[in-house]
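I have placed the structure first, in the form of structure tokens, so that the comments after it can refer back to it.
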Amino acid sequence: MLHAVAMDASMVPGLIPFVGDIISETVSDLHTAELRKILTPTEYDRFVKYDKVNPNVLALMRAMGKD
């Protein structure tokens, strides 16, 4: 869950001109890679699906929940 929180929080440095976007994307990519290692393939696929619409924390909660 902390990886999802950090991914959402990484949007804050994105507000800094020029370098903020690079920092934000790098942090988000690193946490996405960690989530890929932790989650099962099914959970990760559901996380990616929900991440397009929801913030990362909500997407991860939905992905790990039962449908």
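The values are calculated or read from the model by the stated rules, or taken from the named source; none is laboratory data. Keep in mind the model is a prediction, meaning the values are calculated, not measured. Here the Cβ positions follow ideal geometry from the backbone for every residue, glycine too, while neighbour counts run over all protein chains shown.
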Margin query: Tell me yes or no: at least one residue of region 44-59 is among the charged types (D, E, K, R), crowded, with 17+ Cβ neighbours inside 10 Å and either at pLDDT 85 or above or in contact with a His (Cβ under 8 Å, 6 or more places away or on another chain) (or both).
Written below: yes
Check: For Thr26, are the conditions met, namely being of a type in the set (Val, Ile, Thr) and farther than 20 Å from Ser10 by Cα?
Finding: no
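Test Asp8 against the stated conditions and say whether it is surrounded by 15 or more Cβ atoms within 10 Å (Cβ to Cβ) and either acidic (Asp, Glu) or not in a helix (DSSP H, G or I) (or both).
Here the answer is yes, as Asp8 does meet what is asked.
Mind telling me which of the residues Pro13, Pro41 ends up being over 10 Å from the mean Cα position of the chain (by Cα) and surrounded by 15 or more Cβ atoms within 10 Å (Cβ to Cβ)?
Going through Pro13, Pro41 in turn, just one is over 10 Å from the mean Cα position of the chain (by Cα) and surrounded by 15 or more Cβ atoms within 10 Å (Cβ to Cβ): Pro13.
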Notebook entry, point to check: Tell me, which helices (runs of 4 or more DSSP H) lie completely within region 12-67 with 3 or more residues that are under 13 Å from Leu2 (Cα atoms) and in contact (Cβ under 8 Å) with a residue 40 or more places away in the chain?
Noted result: 56-64
